[in-house]
1. What residue, of 271, 221, is in contact with a Ser or Thr (Cβ under 6 Å, 6 or more places away or on another chain), farther than 30 Å from residue 184 by Cα and in a helix (DSSP H, G or I)?
2. Which number in (1) at pLDDT 70 or above; (2) within 22 Å of residue 95 (Cα to Cα); (3) loosely packed, with under 14 Cβ neighbours inside 10 Å marks the one condition that residue 37 misses?
3. Which members of the range 282-295 meet the condition of being touching a helix residue (DSSP H, G or I) at 6+ places or on another chain (Cβ under 6 Å), more than 13 Å from residue 321 (Cβ to Cβ) and buried (at least 24 other Cβ atoms within 10 Å of the Cβ)?
4. From the set of residues in the range 384-425 that are under 32 Å from the mean Cα position of the chain (by Cα) and β-branched (Val, Ile, Thr), which is farthest from residue 480 (Cα to Cα)?
5. Looking at the range 244-268 only, could you name the residues that are assigned to a loop (DSSP other than H, G, I, E, B), farther than 16 Å from residue 198 by Cα and touching a residue at least 60 places away in the same chain (Cβ under 8 Å)?
6. Determine which member of the set 377, 338, 324, 381 is within 15 Å of the chain's Cα centre (by Cα), more than 21 Å from residue 241 (Cβ to Cβ), outside the structural domain of residue 234 (by TED's automatic domain parsing) and basic (Lys, Arg).
7. Regarding residue 196, is this residue of a type in the set (Phe, Trp, Tyr), modelled with pLDDT of 80 or more, touching a Leu at 6+ places or on another chain (Cβ under 9 Å) and buried (at least 19 other Cβ atoms within 10 Å of the Cβ)?
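The values are calculated or read from the model by the stated rules, or taken from the named source; none is laboratory data. Since we're looking at a predicted model, the values are computed, not measured. FYI the Cβ positions are ideal-geometry reconstructions off the backbone, even for glycines, and counts take in every protein chain you see.
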Amino acid sequence: MVEGHHHLKYAYKVKHMEQGREMTLALIAANVQIKHIHYERLERDEHIQLSNRAGGRLLLVASGEGVLDYGGREAKRTLRRGSFCLSMQGADIIVHAADEEAMGFYELIFQHDLLQGKSAAFCYHAELSKRAAGPLIDRVKELYVNRLDQGELERFRLHIDFQELLYRLLKDVEEKRGLSQHESLLLTARYMERNFHEPLSRDKLAEMAGMSAPYYSRAFKKALGKTPQEYWTSVRLNHARKALIQGKDKMSEIAEYTGFGEPYYFSRVFKNVLGISPTIYQKQPRQRVVCLYPSFIDCMLALGVVPSAVMIDTTHPLIGRLDRSLYLGSSETAFGEREANLLEEQQPELILCSDYIHPDQELQLSRIAPTIPVTWRRDRRTDLLEIAGLLGRRETAVKLLESFDKQLEHAREQLSRSIGRASVAMLRFHTQQMRLYGGPQQGFVGPILYRDLNLQPPRLVQQLTWDKWWAALAPSQLLLLDAEHLLIVIDPGMEQEAERIMAGEPWAKLASVRNGQVYIADYFTWMSSGMEMDKLKIAEALHLFATHPQDTKIL
């Protein structure tokens, strides 16, 4: 079995051998002095933007998990206890806590006397060993406790302690860097992946691995299941297949881009390896498609294509239609070595994921099959047409959309008979806040209620959320909620808080409550998007607003 996905075990080691040296040299040349130290705690799913334009920054995670974003999709790193990020130039970063737990971290701002253009410009991210993480976090905690000590000697000691901390951080990472023979072989595989469009020689790759050319070939085949030439060809063909599926480039451009040069040679290699010409491959519908993002799974099911493997929450309304799919887990963020092993056995033709996916995970997936990160537009029509194009089913999508428009017309007529021009709103009991949904152009809810179904918004929706996805509703604003019909969605885990609010006097005064026109709506149905989920929303709205919906009302 090809072991390309094992790159994750060593990817940062190789990168750090260069970045670590650069950062160490910068610190040695600098007169580093600590200026400020802060402690931040983020609750679940919370984020904070940190700004620092003067000097350097050290960020060390003390507890929890999250994501560090320091400039776009290629600059996102996973954070956990013992992770740290070190930079010599000030920059804005965003720290996101994970959905499942809170996160605590220290931010240490320091000054140095290096010229701006000569200091390390990157954010050096690394993980401490388990052995070192606890003691070094305790050292930072001690620095934080002593940050307000007065006196010149105390300040002098603080600077020494900070420099000692930097030394121990980098020393711990350095001790983890040594590359084994297996990692050296993977290093050459990684080089092929990055430079697939350039001419490569076995001698050059063997030199990179520190081996003779014959021994390198044998060791590579034993470790990765393919010869270096076969591996390089498979990398180039995966890029070619991805380009063919996306359909944006000419055949000659694809041949040139993937390093094959002449279209004839490209076509011959493609057919020899895959058993089909590039032209036929591009035109045929994709069958064995893996999908790791729920909104795109929705699109596939609408198009009549069941994914060969999925990542989706087991409580999602669509899970019952995925019995034939290999279940890999609840979220693409959890994709790792175990999932890669399972997926490789499926031999998929195509992997679809969101463009939120971590670059390391995308690289891991790309070793298995052509992988396309798709931008989630949050628009039923746009998303369906894009996925249909990738699957070779655009005509099917156009017919589906025409049929859906007719279903909407029928639903609007039914609702007009059942509730007329009465106003409707949706309120969500979300973590730490109530959210009022609205606006016909954005989000999961507003486009369905106020655009597709042509329902009437109450005044508060028009005032607060008409041009937004949602707006936070303070308890003091609850009495202003003038909807005649009120749909409520309760997030998992928020049931007690919702009950507490609904037992209060302000809630009892709402017109919708007094008239018995408050309804519980399904969380996953309304907090998802896609044609299939929108069908469920419309069906639920028709059911809840039926002429005699007493069994669905909660008050």
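1. Details: 221 fails: farther than 30 Å from residue 184 by Cα.
Answer to the selection: 271.
2. Only one criterion in (1) at pLDDT 70 or above; (2) within 22 Å of residue 95 (Cα to Cα); (3) loosely packed, with under 14 Cβ neighbours inside 10 Å is unmet by residue 37, namely (3).
3. 292
4. 396
5. Step one: list which residues in the range 244-268 are assigned to a loop (DSSP other than H, G, I, E, B), which gives 247-250, 258-262.
In the following step, the residues that additionally are farther than 16 Å from residue 198 by Cα were identified as 247-250.
Within the range 244-268, just 247 meets the criteria.
6. Values: 338 fails: within 15 Å of the chain's Cα centre (by Cα); 324 fails: within 15 Å of the chain's Cα centre (by Cα); 381 fails: within 15 Å of the chain's Cα centre (by Cα).
Within the list 377, 338, 324, 381, the selection yields 377.
7. Values: of a type in the set (Phe, Trp, Tyr): yes; modelled with pLDDT of 80 or more: yes; touching a Leu at 6+ places or on another chain (Cβ under 9 Å): no; buried (at least 19 other Cβ atoms within 10 Å of the Cβ): yes.
It is false that residue 196 is of a type in the set (Phe, Trp, Tyr), modelled with pLDDT of 80 or more, touching a Leu at 6+ places or on another chain (Cβ under 9 Å) and buried (at least 19 other Cβ atoms within 10 Å of the Cβ).
One line per residue, one yes/no per condition, for (1) acidic (Asp, Glu); (2) outside any helix (DSSP H, G or I):
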residue	(1), (2)
356	no, yes
360	yes, no
381	no, no
387	no, no
